[in-house]
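Worksheet: the structure to be examined is printed underneath.
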Amino acid sequence: MAIVSFLIQLAGATMLLLFAVRMVRTGIERSYGASFQRVMTGQQNYVQASGVGIAMAVVLQSSAAVALLTSGFAASGLLSFPVGLAIVLGGDLGSALVIQILSFRMDWLVPLLLAVGGYLFVKTEAKKARQLGRILMGIAFILISLRFLREAMDPIRDSAFLPAVADYLARDYITAFLVGGALAFVMHSSVAAILMCVTLVQIGAIPFEAGLSLVLGANFGSAFIPVWLSRGMEMPARRIPYTNLVLRGTWAIVVLFACNFALRSGLVDTPGGGQMLVSAHLAFNASLLLLALPICGRLQPLAERLLPEQQTSVDLAQQARPASALDPRNIGSPSQAVSSLKRELLRMCDLVEGMFRPALELYRSGDKDQIRAVRAMDGDVNECLSGIRAFVATIPTDSFGKKNAKLARDMMEYAIRLETAGDVVAKRLTQLADEMRKKGATFSKEGWSELVQMHESILANVKLASNVLISDDLESARLLSLEKSEIKRAERDSRKRHLRRLQHGTTESFETSDIHLETLRAFREFNSHISAVAYPILYRHGQLLETRLIEELPQMADEDLNGADN
């Protein structure tokens, strides 16, 4: 019974630790996720890129999250292989720094974090304040889970079971290495896995030698996580996590044999305590960064040779892909028709996003060819709407049933909103960009920063809208509706700050006042059209009244357990 009780307590502490780490990452992504692309893709120097990776991993508390973001930007052509690899290597060191911070005994801080975090999350309406509350409560839960883990070990520390396992792992360091790798991969969090190992060493449940092998294995296993999660991406995106896996795996195996040889031969005394294990983990990641950073550029030809891109098959697939997912002559079953409409709407979303993404760049460059290209894409969006309208008009309402027919009409209405969003870009934002070029005017530093942040947030909402369209997920729809309110608040606050700058006599603000205010209105309108995909889902679940969302207690735990990280 003691073993069963131990396993239950261990499982509970482990799940709370995983939940807490995810909770912190969710809060940070929702607060600052829209700015990640600008920060990560603006680096050219390897040292600066690794510094960005360190900072991102500390913020996200996950080196795997940094690797996945990097892979996504590499797939889009926004990030080169060497810079991306430098960011990922820095992310591994940043993750180790997180473990150093969280390994300190800070139980005294838990009540304060819970009190402040709970108040911010439950009682405040501002987005960043609420997410700060989520982050603080997540950190508190991490500390609580580590205390639970220590308490779970107390009853069996003096039993025959744990010492036998610990002694075996200390003797067979290869098995311990493999166990550590499997633990990190199964938990999908190197931070959680290594914190568990450090805690076991701190309380004397396992010796330092076994803990070191487990931690080195966890470093190797954590490198498998982005490889696994990026398996569906294009080859340029997968090269970075694969290269990181080879580098981390090779260095982990070298250090494993070197350290165990030194410890067993008596060349060095066996250190003790969890803090020494954290220091060893930091030293491993810092040494890997120093060794690998100078050769990031040289590894690119080798990675391209070993992981070539299947250009021929890709080209053939692109040629075989139809321009539209709709065929009015072959509607198919109700489920097939709805799926076809969703695919076409996703294509429409991609086109609208492609129009909106370079909007602010047009303000800076005023490039006529680029402006014409954006306006030409509006024609493609209009064709999508025409195709959807014709397809929905041919649907036989009687045989499809009221529910499916209503769903088809809702999607056609969203297509109309998407087409209007495209018009906002083609007929208003490009015209404002052309006006900027003719005037030769520039925004004030503060005004430009406000527009950039709002632009990034709207791009994140476009991605979220696509996810809502695919999944019909209620929590994602609620989040998208709440993000719409945040854009309204950002537009209002930026307008007030702009008027204050005019009062203070800022020259740039006078020159671009009309353009700034009109851009804010256009951004808000564009986001409103994009967010409309959430309304049918909210209505269907009784979550939307005539004018506002139903006020509910935030379902914080449900969001994090379901992985609503968008």
Review point. Hey, with R₀ at 25 Å, roughly what FRET efficiency would THR394 and ARG372 work out to, going by the Cβ-Cβ distance, to 0.05?
Key: 0.15
Exercise for review: Summarise the accessible area of the range 399-468 (1.4 Å probe, protein heavy atoms) by the percent that is carbon and sulfur.
Suggested key: 53
**Study point:** Cross-link table LYS402/LYS488; LYS128/LYS496; LYS127/LYS445, entries beyond 28 Å C-alpha to C-alpha
**Key:** LYS402/LYS488
Review point. Rounded to a whole number, what is D in µm²/s for the range 327-403 from Stokes-Einstein with the Kirkwood radius over alpha-carbon pairs (25 °C, 0.890 mPa s)?
Key: 171
Review point. Can you give the accessible area of MET56, probe radius 1.4 Å, in Å² rounded to 10?
Key: 10
Check your understanding: Setting aside same-chain residues fewer than 8 positions from LYS403, which lysines have a Cα under 28 Å from its Cα?
Key -> LYS342, LYS463, LYS484
Check your understanding: Based on the mean of other beta carbon atoms within 10 Å per residue, what is the order of 245-256, 108-119, most packed first?
Key -> 245-256, 108-119
Study note, to complete from the structure: By accessible area (1.4 Å), largest first, PHE523, PHE73 order as PHE73, PHE523
**Study point:** Distance between modelled label sites at LEU290 and LEU112, nm, 7 Å Cα→Cβ extension
**Key:** 3.5
Point to revise | Computed magnitude of the charge dipole of the range 343-428 (debye, nearest 20; Cβ of K, R +1, Cβ of D, E -1) | key: 220
Point to revise | Mean Cβ neighbour count within 10 Å, used as a protection proxy, ranking 400-409, 468-477, 285-294 highest first | key: 468-477, 285-294, 400-409
Study note, to complete from the structure: Counting only DSSP loop positions in the range 60-132, the trypsin sites (Lys or Arg not before Pro) whose Cβ has at most 12 other Cβ atoms within 10 Å are ARG105
Review point. Any idea what the relative contact order of the range 118-272 is, in percent, if you count C-alpha pairs under 8 Å spaced at least 6 apart?
Key: 19
**Study point:** Set of lysines with alpha-carbon distance to LYS438 below 16 Å, sequence-local pairs under 8 removed
**Key:** LYS368
Practice item. Using a 10 Å cut-off on Cβ atoms, rank the peptides 183-193, 83-93 from the highest mean neighbour count down. Key: 83-93, 183-193
Study note, to complete from the structure: Inter-part gap, Cα centre of the range 421-492 to Cα centre of the range 226-292, in whole angstrom, is 41
Review point. Tell me, what is the per residue accessible area of the range 339-417 in Å², probe radius 1.4 Å?
Key: 50
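The values are calculated or read from the model by the stated rules, or taken from the named source; none is laboratory data. A quick note: this is a predicted structure, and the numbers were derived from the prediction, not measured. Quick reminder, even Gly has a Cβ in these numbers, built from the backbone with ideal geometry, and neighbours come from all protein chains shown. These area figures cover heavy atoms from the full protein model, side chains too; ligands, DNA and RNA do not enter into them. Shrake-Rupley method; radii C 1.70, N 1.55, O 1.52, S 1.80 Å.
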